[in-house]
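Q: Before anything else, here's the structure in question.
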């Protein structure tokens, strides 16, 4: 690693004296914007070339192994044929939900949603631009009939970071906003319990089962980890319904 890249990893000058800072950098008169500066470019190269974290490598190795076996069951071994599965956990209002990791494509910052004319549909919100591609954006909260919560956000979770999730199955992609994205989590299929009768009818319809989960970043004032109940959604039914709503 060269000196300039090492310094960039520590200083990140564009956040302080560049476009994102007080704009006092003398190089701005030459390059106009930080993205045109060789210092900024060197930092980008460092991010691309940095060593992959071991935990991240392990999670993706497991996920890709599952996908490979799913496409070619003859390749499965006793270890892969276990009852474990990987899910993506996210939050809508006060509800924690999960989908199979196989349908998760990417997550992006919240972007503008362009409404579609002559559409009176609370589920289909419009179109949004994801990496130059216009994708249909939906409201999973409306589809599952999840009510707005009056509970302070800090009580629901210490992490309040709205994102947009992109899911895809059989070439059909959808985008929907989430209030929080936890990430990948492994569960045993035997852990899934029956859908609760306390759920709304819509949520219960789309739920395959429930499982308990203890988020590492959620602690009570007594510093005890609080167990959350997560609804594991039926991705087949979800994609079928979304396709029907878009017609």
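The values are calculated or read from the model by the stated rules, or taken from the named source; none is laboratory data. Everything numeric here is computed off the predicted structure, so don't read it as measured data. Note: ideal-geometry Cβ built from the backbone for every residue, glycine included; neighbour counts use all protein chains shown.
Q: Restricting attention to helices (runs of 4 or more DSSP H) lying wholly within region 54-163, give those where 3 or more residues are at pLDDT 90 or above and within 16 Å of residue 177 (Cβ to Cβ).
A: Details: elements: 54-71, 140-143, 153-156.
So the answer is 140-143.
Q: If you don't mind, there's one more thing I want to ask. Answer yes or no as to whether residue 30 is under 30 Å from residue 186 (Cβ atoms), part of a helix (DSSP H, G or I) and modelled with pLDDT of 80 or more.
A: Working: under 30 Å from residue 186 (Cβ atoms): no; part of a helix (DSSP H, G or I): yes; modelled with pLDDT of 80 or more: yes.
Taking the combined requirement at face value, the residue does not satisfy it.
Q: Name the pairs whose Cβ atoms lie under 7 Å apart, with the first residue in region 43-66 and not assigned by TED's automatic domain parsing to the domain that holds residue 183, the second modelled with pLDDT of 80 or more and outside any helix (DSSP H, G or I), and 6 or more positions between them or separate chains?
A: 59/184; 62/86; 63/86; 66/86
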